[in-house]
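One structure below.
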Amino acid sequence: MGLAGVGHMWVIYTLLCIYAVGAVFNGWILMAILGDHRRLLQTRIDKITAALIVTIFVWALGRVLITALVLFNVVYVFGNVIAGFSNIVVIGLFGLNLLLAIERFIQIKDIHYSNIIYSTFAVVIGIFCVLIVAIFATTPSSDGFRPSTQPQKAIWFVITGFSYIVTIGCMLSLYIWTFSYCTKQFQRNPNLVAYFLGEHNADAVDKEELRMTRLKLERQILVKSVIISGSLIICYIPFFFYELAGWVAGPNFDPNAIFYDISIIFLTFDVCVTPSVVLYVRRDLSQAMLFWKNEAAEQIL
C-alpha cells in the first residue's frame, strides 16, 4: 500500500490497473444494489455487505488517485493524509469482513445479545481509527502507509498486526462454529433438510435423497466459509509477513525487496477478490448486476 517504496515501475502500473478495475467493478455492484435497494437492503447482513462494497469502492478509487500521485512524486507531500486514509480503510475492511461472519453466526444461532456485540465492536473500531489519526498527525510517512518514527511505528505495527490476526482468528472460529452448528441441526432435524427440497415433512422424502441433500448443504456451507476466510488470508498474508520481517530485521531490512512488490500486488487484488466472493455467496446480488436482462424480462412479463 505504501507505493513510494516500490522499486519497479511496472509494479506501479500494474497496481494502477488493478485499482481501476476494482473501482469499476465495485461501482457496478453498487449501482445494482441502489437500483434494487428495496430487495437488496432489507436485512442487517445486506447493509453490512453494502458497506463493505462501498468501502472497497472508496479504497480502489482513492488508490487510483494516490497511484497517479506516486507517478508524479507528489505522494511525499501528502504522505500523512494518504497513510491515514489507507490504514483506516484497511481496518474498515477487516472489521466489515469480521462483522459479516458475526452476523451470519448470530442469524443461525439466534443470539439475543447481538446489540452488545455490535456496540463493543463499534467502540473497538472507533478506538483504532482514532489511534491511526493520532499516529499520522504526530509523525511523517515516507511511503504513504507506515509511520517513519518511533514510538508511532511500534504502535502502528501492533494495531495493524492485531487487527489482522484477530480478524482472521475470529472469522475462522465463527465459520467453524457455524458449520458445526448447522451440521448438528441438519442431523437432529430432518425436516430442516426436507424444507430445502420443498417438503415440510421429512417422512415424505426418500432417506437417501434426504441424506444427499444434507451433505450438499453442509458442503455448500463449508465451501463458502473456506472461500471467504481463505481470500482474506491469501490477499493479506504476504504483506503481513513482509511487515513482520521488517520489524524483526530492523534498519537492515531492504524496503525495495521483490518480496514487497509481490506482497503489494497480492494485497491490491483484494479490491477484486472480496467483491467476487460476495457475488459468489450472494447470488441474488450477482443476478441484480445483470440489470439489462432483468429489465428485458420485466418488459416481456
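Of all the criteria given as (1) surrounded by fewer than 20 Cβ atoms within 10 Å (Cβ to Cβ); (2) modelled with pLDDT of 90 or more, the one not satisfied by ARG39 is (2). Please indicate, with yes or no, whether at least one residue in region 66-77 is under 24 Å from ILE237 (Cβ atoms) and touching an Asp or Glu at 6+ places or on another chain (Cβ under 8 Å). For region 66-77, residues under 24 Å from ILE237 (Cβ atoms) and touching an Asp or Glu at 6+ places or on another chain (Cβ under 8 Å): absent.
Taking the conditions exactly as written (under 24 Å from ALA23 (Cα atoms), surrounded by fewer than 21 Cβ atoms within 10 Å (Cβ to Cβ), in contact with a Phe, Trp or Tyr (Cβ under 7 Å, 6 or more places away or on another chain) and at pLDDT below 90), does ASN73 satisfy them or not? No; evaluated as a whole, the condition is false for this residue.
Return yes when ASP254 is under 29 Å from ARG146 (Cβ atoms), acidic (Asp, Glu) and modelled with pLDDT of 65 or more and no when it is not. The answer is no for ASP254.
Please go through region 136-164 and pick out each residue that is among the hydrophobic types (A, V, I, L, M, F, W, C) and touching a residue at least 24 places away in the same chain (Cβ under 8 Å). Listed by number, the residues that qualify are PHE136, ALA137, PHE145, ILE155, TRP156, PHE157, ILE159.
Note on region 2-33: among residues that are loosely packed, with under 15 Cβ neighbours inside 10 Å and at pLDDT below 90, the one that is nearest to LEU96 (Cα to Cα) is TYR13. Cβ separations smaller than 6 Å between residues 6+ apart or across chains give no pair from region 222-249 residues that are under 14 Å from ARG146 (Cβ atoms) and modelled with pLDDT of 85 or more to residues that are surrounded by 14 or more Cβ atoms within 10 Å (Cβ to Cβ) and β-branched (Val, Ile, Thr). Contact map, region 88-99: first residue over 13 Å from VAL54 (Cα atoms) and without any contact (Cβ under 8 Å) to a residue 60 or more places away in the chain, second residue among the hydrophobic types (A, V, I, L, M, F, W, C) and in a helix (DSSP H, G or I), Cβ cut-off under 8 Å, separation 6 or more or different chains; pairs are ILE88/CYS129; ILE88/ILE132; ILE88/VAL133; LEU99/ILE48; LEU99/PHE121.
This table checks each residue for (1) buried (at least 16 other Cβ atoms within 10 Å of the Cβ); (2) at pLDDT below 80.
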{"site": "VAL89", "(1), (2)": "yes, no"}
{"site": "LEU96", "(1), (2)": "yes, no"}
{"site": "HIS112", "(1), (2)": "no, yes"}
{"site": "CYS182", "(1), (2)": "yes, yes"}
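Checked against the criterion of being at pLDDT below 80 and within 23 Å of VAL277 (Cβ to Cβ), the candidates LEU217, LEU172 yield just one match: LEU217.
The values are calculated or read from the model by the stated rules, or taken from the named source; none is laboratory data. Treat the numbers as computed from the prediction; the structure is a model and nothing was measured. Cβ coordinates were reconstructed from backbone atoms using ideal geometry, including for glycine residues, and neighbour counts include every protein chain displayed.
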